[in-house]
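Novice: Below is the structure I would like to discuss, written out as structure tokens.
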Amino acid sequence: MALHSMPNLIRPIVILSCSVALSGLIACSKPGNQPPAKAQGKSVDQATAGAISGHVVFEGSAPPPTPIKMAVDPACLTGGTPNPVSDAVLVGKAGELQNAFVYVKDGLDPSYSFDTPTTPVTLAQKGCLYSPRIFGVQVGQPIDIVNDDATAHNVHGLAKTNQEFNRMEPMQGFRMVHTFTAPEVMVRFKCDVHNWMAAYVGVLPHPFFAVSKADGTFEIKGLPPGTYTVEAWHEKFGTREQKVTIGEKQTQAVSFTFTPAAS
Amino acid sequence: VSAQAASAAGASMLWLHRYAKVLACATLLLVAAGGMVTSTSAGLSVPDWPTTYGYPMFSFPLHQMVGGIFYEHGHRLIASTVGFLTIGLVVFLWMAEPRRWVRWLGVLALAAVVIQGVLGGLTVLFFLPPAISIAHAGLAQLFFCLTVSIALVTSPGWRNPALRPVDDGRLRRTVVILVSLVYVQILIGATMRHLGAGLAIPDFPLAFGHLIPPTWTPPIAIHFAHRTVALVVTIFVLVLALRILRSHRDHPELARVAWFLLFAVAMQVTLGAFVVLSGKQPIVNTLHVATGALVFATTVVLTLRAYRVRFA
């Protein structure tokens with residue numbers, strides 16, 4: 001949509017909004033300008049910190065990819081694959097499960113506190129799909145949501161603990177920065193214009209989370225020694241939980257197995 | 001001169017009736033468009049209101065009406081058109097309609113459509129809270145019936161009945177119960193729809209393989225209530241229609257409506273079954289909403305005709 005085609009009253013508002021968003025982004029994109037928000041409690045001693053590493057697998061026959069009817073908006077097909085399918089379930093040949101959100105659910109000493117990163121995590125809308133589909137942020141960390149498509153998107157955050165929101169990004173280049181104020185696993189992002197679009201964010205008060213990669217592996221570093229409940233969440237297959245004990249400088253291996261019957 | 005004046009008044013009334021029929025048809029289209037918005041989960045695809053992505057209502061570029069915006073903005077365009085047609089109806093009524101109560105019926109319709117528009121806006125701005133969405137769905141049906149009622153009472157057949165209207169007290173009592181029952185059923189349906197309970201019982205005609213659901217949750221309860229009241233309405237309609245066709249078959253203004261009601265209810269029950277069996281296919285779902293509106297409007301027409309003898 002061309003900006004010059006917009007009504008007279010709307011044009012200055014859009015220009016002003018773009019300027020404000022751009023200024024905000026420039027400010028946020030320079031990490032040197034804003035140091036991370038300092039934590040008040042005790043910090044993790046990196047000399048003794050350990051890690052959890054492992055992999056997520058799927059056992060059984062993976063559901064076939066769901067076709068996406070992108071033809072409802074021709075702008076979505078520009079540069080995209082001719083027969084797009086949903087990326088909700090990504091299983092490798094040996095059962096490696098991508099896009100499982102793995103995080104420390106419980107067991108962390110509450111006297112610890114963590115700096116809030118000021119560097120935004122970018123959530124792109126490209127080819128009428130979210131990228132990344134699954135990600136994590138800390139409470140207070142900005143999320144920069146960008147419209148890379150030559151079409152309109154609405155950004156609908158279906159938060160339950162946090163405030164639900166629904167904002168418009170009517171044209172390519174529009175962006176908004178959103179910050180969650182409370183922990184919530186998971187918050188779904190949805191575009192109601194293109195109803196196949198979905199992304200999920202895990203909002204946590206600490207940095208101990210990871211998303212499984214294409215080979216199913218994940219790693220959570222910098223954990224103080226202790227016993228933790230670690231949960232793996234998948235948008236289609238539900239959750240799996242494990243107790244994990246980490247000694248000083250120890251890396252504990254953990255694996256999670258999902259099945260079609262999981263809920 | 002008086003004959004000419006009477007002829008002009010008659011022509012005006014005829015045009016008023018035609019205009020009211022156009023409004024009623026546009027309103028049914030609006031109800032269906034609203035059904036498509038819910039059926040495709042497009043209610044929040046346009047986050048702002050009363051503007052659409054910052055544009056005033058009629059200036060949003062048509063080529064940008066894609067995906068969910070097509071349904072949501074399309075619904076808004078039809079709604080705005082219906083709003084303007086209703087303003088036109090009120091003006092027309094005050095110019096041409098001699099009966100005061102009919103003129104005020106038009107004002108009531110205008111008030112209803114304004115409130116309906118505001119409810120539609122509020123439900124978008126507050127992320128579809130069920131209470132507002134259900135009120136929006138419930139008022140839509142009342143507004144539709146107001147437009148149908150105005151079209152009916154401005155018709156030549158109503159103003160100058162060919163036959164002496166039926167005076168049947170039992171019929172009047174029965175149709176009032178039926179019209180109330182159908183509206184309750186519509187509200188239950190709207191509640192089920194806006195609470196996402198349309199597939200809470202996934203099989204049909206049984207419920208989880210039983211006559212009565214073996215487990216109960218609020219969504220199952222509201223879904224089962226919709227099925228139960230549907231059964232009651234169907235039996236009620238069968239009994240009433242048979243009674244009309246037996247006792248008042250010489251009154252086509254009742255008999256024709258009774259036949260149509262039988263047809264509409266049969267359609268509606270079939271569509272209801274297919275909503276479940278198709279997994280809430282949007283077009284089937286929407287046809288169920290629109291046919292529900294037709295059933296309700298038909299019972300309103302039947303009620304008004306049963307009471308025709310009480311009108312001057």
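Novice: Taking a ≥ b ≥ c as the square roots of the Cα gyration tensor eigenvalues, with a/c under 1.5 meaning rounded and otherwise prolate when a/b beats b/c, else oblate, which class fits the stretch B:125-229?
Specialist: Values: a/c = 3.74, a/b = 1.76, b/c = 2.13.
It comes out oblate by the Cα gyration axes.
Novice: Under the definition of partner shielding as Cβ atoms of other protein chains within 10 Å of a residue Cβ, what is the mean value for peptide A:191-201? Mind showing how you got there, number by number?
Specialist: Details: counts 4, 14, 14, 5, 6, 1, 1, 0, 0, 0, 0.
Taking the mean over all residues of the peptide, I get 4.
Novice: So, one more: Apply the Karplus parameterisation 6.51 cos²θ - 1.76 cosθ + 1.60, with θ equal to phi minus 60°, to every residue of the stretch B:142-152 and state each ³J(HN,Hα) to the nearest whole Hz, in sequence, with x for glycine and proline.
Specialist: Rounded to whole hertz, the list is 5, 5, 4, 5, 5, 5, 5, 5, 5, 4, 5.
Novice: Next up: Excluding B:Thr174 itself, calculate the net charge of residues whose Cβ lies under 12 Å from the Cβ of B:Thr174, where each Lys or Arg counts +1 and each Asp or Glu counts -1.
Specialist: Working: positive: B:Arg170, B:Arg172, B:Arg173, B:Arg243; negative: B:Asp168.
Computed value for this residue: +3.
Novice: Which of the peptides B:114-123, A:127-136, A:159-168 is most tightly packed, and how do the rest follow, going by the mean number of other Cβ atoms within 10 Å of each residue? List each step's numbers first, then the result.
Specialist: Numbers: B:114-123: 18.1, A:127-136: 20.5, A:159-168: 15.9.
Ranked by mean Cβ neighbours within 10 Å, highest first: A:127-136, B:114-123, A:159-168.
Novice: Select from B:Val289, B:Val257, B:Phe224 the residue farthest towards the positive end of the dipole of the stretch B:166-298; place +1 on Cβ of Lys and Arg, -1 on Cβ of Asp and Glu, and compute about the Cα centre.
Specialist: Ranked along the dipole, the leading option is B:Val257.
Novice: In the stretch B:208-282, which chymotrypsin sites (Phe, Trp or Tyr not before Pro) fall in coil by DSSP and have 16 or fewer other Cβ atoms within 10 Å? It would help to have the intermediate numbers written out before the result.
Specialist: Numbers: sites: B:Phe208, B:Trp216, B:Phe224, B:Phe236, B:Trp259, B:Phe260, B:Phe263, B:Phe274; in loops: B:Phe208, B:Trp216.
Passing both the DSSP loop test and the Cβ count: B:Phe208, B:Trp216.
Novice: Restrict the search to the stretch B:199-275; then list the trypsin sites (Lys or Arg not before Pro) that DSSP places in a loop and that have at most 11 other Cβ atoms within 10 Å of their Cβ.
Specialist: On the way: sites: B:Arg227, B:Arg243, B:Arg246, B:Arg249, B:Arg256; in loops: B:Arg249.
Those that pass, being in a loop and sparsely packed, are B:Arg249.
Novice: Relative contact order for chain B: what percent, with Cα pairs under 8 Å and sequence separation of 6 or more? Can you show the working numbers first?
Specialist: Details: 346 pairs, mean separation 72.3, N = 312.
Relative contact order comes out at 23 percent.
Novice: Report the net charge of residues surrounding B:Gly198, where surrounding means a beta-carbon distance below 12 angstrom and charges are Lys +1, Arg +1, Asp -1, Glu -1. It would help to have the intermediate numbers written out before the result.
Specialist: Details: positive: B:Arg193, B:Arg227, B:Lys280; negative: none.
Net of charged neighbours comes to +3.
Novice: Further question on the same structure: Can you return the aspartates and glutamates within cross-link range of A:Lys213? Criterion is Cα-Cα under 18 Å, with same-chain partners fewer than 8 residues away left out.
Specialist: A:Lys213 reaches A:Glu59, A:Asp87, A:Glu96, A:Glu231, A:Glu235.
Novice: Same structure, new question: Taking chain B as a Gaussian network, Cα atoms linked when under 10 Å apart, which of B:Leu245, B:Leu23, B:Leu302 shows the biggest mean-square fluctuation?
Specialist: Comparing B:Leu245, B:Leu23, B:Leu302 in a Gaussian network model of chain B, the most mobile one is B:Leu245.
Novice: Partner chain Cβ atoms within 10 Å, averaged over the residues of B:40-51 - can you pull that number for me? Write out the running numbers ahead of the final one.
Specialist: Values: counts 3, 3, 3, 2, 9, 12, 6, 11, 5, 0, 0, 4.
Mean inter-chain Cβ contacts per residue within 10 Å come to 5.
Novice: Which value, in debye to the nearest 20, describes the size of the charge dipole of the protein assembly as shown about its Cα centre when Lys and Arg Cβ atoms bear +1, Asp and Glu Cβ atoms bear -1, and nothing else is charged? Could you put the intermediate results ahead of the total?
Specialist: On the way: 41 positive and 29 negative charges, 504 e Å.
Dipole about the Cα centre, nearest 20: 2420 debye.
Novice: When DSSP assigns beta bridges and you keep just the ones with both residues in the stretch A:36-188, what percent turn out antiparallel, to the nearest 5? The partial results should precede the final answer.
Specialist: Values: 18 of 24 bridges.
Here the share of antiparallel DSSP bridges comes out near 75 percent.
Novice: Now a separate question. On a straight-distance basis, which lysines could pair with A:Lys42 in a cross-link, Cα separation under 22 angstrom, same-chain partners fewer than 8 positions away excluded?
Specialist: Result set, ordered by chain and number: A:Lys105, A:Lys221, A:Lys249.
Novice: With n ≥ 4 as the cut-off for DSSP H runs, can you work out [θ] at 222 nm for chain B, using -39500 (n - 2.57) per run divided by the number of residues, rounded to the nearest 500?
Specialist: On the way: 9 runs with 229 residues, N = 312.
It comes out at -26000 deg cm²/dmol, rounded to the nearest 500.
Novice: Taking the Cα centroid of the stretch A:111-167 and of the stretch B:247-278, what is the distance between the two, rounded to the nearest whole Å?
Specialist: The distance from the Cα centre of the stretch A:111-167 to that of the stretch B:247-278 comes to 50 Å.
Computed from the coordinates by the stated procedures, all read-outs in this text should not be read as laboratory data. Quick caveat, the model's predicted, so the values are computed rather than measured. Every residue, glycine as well, gets a Cβ built from its backbone with ideal geometry; the counts of neighbours run over all protein chains shown.
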